[in-house]
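As structure tokens, the structure follows; a few thoughts come after it.
The values are calculated or read from the model by the stated rules, or taken from the named source; none is laboratory data. Given the structure is predicted, the values throughout are model-derived calculations rather than measurements. FYI the Cβ positions are ideal-geometry reconstructions off the backbone, even for glycines, and counts take in every protein chain you see. The protein model used for the area step is the full one, side chains on, heavy atoms only, and it has no ligands, DNA or RNA in it. Shrake-Rupley method; radii C 1.70, N 1.55, O 1.52, S 1.80 Å.
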Amino acid sequence: MTIKDIARLSGYSLGTVSRVLNHHPDVSEQARKKVMAVVEEHGFEPNANAKHLKMRTRTSIAVLVKGSHNMLFSDILERIQAKFEARGEEVYVAYLDEDANEVQYALSLARQRRPKGFLFLGGDMEFFRKDFKHLTVPCVLLTNFGGDLGYDNLSSFSTDDMTASEQVMDYLYDCGHRKIGVLGGNLSIDQISYRRIKGVCRSARKKGILFDTGRQYEPCRYSMADGYQAARRLLEREPSLTAVFALGDVIALGAMRAMADLGLRIPEDISVVGYDGIPSSEYSIPRLSTVRQNPEQLADKGVRTLLQAIHYEMPPVHERVPFELVSRESVRRLPADAER
């Protein structure tokens, strides 16, 4: 019996069967049980020598994507794959749950596939702080800052999230908004959302307006569905809000649907700002004002730095990539007598 026979009998692809046999974590429990049932029924034993020979040499670069609904990550990933392919590099991509421990996954993958480098697309600094020291190959983290961790084999490129969020709040204030809600992420100090909320609070203090995280902030995961539900919770709790800042465009798009379902017009009744600058934000109705990150620069710097670290001795690099606050149709400037 061969691995092809197992794939045929189990109804799963060769790739899925291979991941089950190699004990990869990115396989559903249902697939694992069905494949292993076929293996046990037919007494299949993998060729350990061939497996050992295959895995002795580091061949691929592993890209670990945090979350499956982040359209910004999809844009960056497409550029990353094209750049690695143009340089003749093989890439292994794994999508992880938004709450998964990406560093533990990388450690498992390092033992199984021996990639010559890792590129993390998103990451939780708590996991890096606790477990990253066990990774020895060159690594790059995109969209989060790893400069204060002090690892010799970790570079990072990210947007200045605190400054960007502060500019969003300043912009809404200048448009006459005083009661502003925020959607997305959570208040964990190791999350990107924490720095974005710190920017919100810094602007509120500077402008002398109230921002009560207990009432004006609603956490949620980065997806349209979660943005929809979070917006309903926030607006039902705080119906006097005149503007909402969503910490991701996908959250904003879900929130806009919720507002329409609640009978609110955008921007006549409520204004909305997102974060990321994904292409679909330009085609929503109305067009979404947002913080546009720079996926081309993030991808280019990440790929070049990782390849340099793989082939040459070099110190880690930690840089901020420029952003742009894009004003579109989803924000209304309130008349002076209506500012509240």
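A few remarks follow.
- Residues satisfying the stated conditions in segment 251-270, i.e. open to solvent by 10 Å² or more (accessible area, probe 1.4 Å) and either within 17 Å of the chain's Cα centre (by Cα) or free of Cβ contacts under 8 Å to residues at least 40 places away in the same chain (or both): 253, 257, 260, 261, 262, 263, 264, 265, 269
- Restricting segment 99-124 to residues that are in a helix (DSSP H, G or I) and either open to solvent by less than 10 Å² (accessible area, probe 1.4 Å) or among the polar types (S, T, N, Q) (or both), the residue that is modelled with the lowest pLDDT: 112
- Qualifying residue in segment 222-237 (condition: at pLDDT 95 or above, hydrophobic (A, V, I, L, M, F, W, C) and touching a Lys or Arg at 6+ places or on another chain (Cβ under 6 Å)): no
- Pair list, Cβ < 8 Å and 6+ apart or interchain, from segment 1-16 residues that are farther than 13 Å from residue 37 by Cα and free of Cβ contacts under 8 Å to residues at least 12 places away in the same chain to residues that are in a helix (DSSP H, G or I) and open to solvent by less than 30 Å² (accessible area, probe 1.4 Å): 13/7; 14/7
- If you go through segment 67-99 and keep only what is within 22 Å of residue 21 (Cα to Cα) and without any contact (Cβ under 8 Å) to a residue 60 or more places away in the chain, you end up with 90, 91, 92, 93, 97.
- The residues on offer are 273, 303, and the sole one that is crowded, with 16+ Cβ neighbours inside 10 Å and within 20 Å of residue 193 (Cα to Cα) is 273.
- Restricted to segment 183-203, and to residues there that are at pLDDT 95 or above and under 11 Å from residue 217 (Cβ atoms), the residue that is most open to solvent (accessible area, probe 1.4 Å) is 201.
- Of everything listed in (1) touching a residue at least 60 places away in the same chain (Cβ under 8 Å); (2) part of a loop (DSSP other than H, G, I, E, B); (3) surrounded by 17 or more Cβ atoms within 10 Å (Cβ to Cβ), the single unmet condition for residue 240 is (3).
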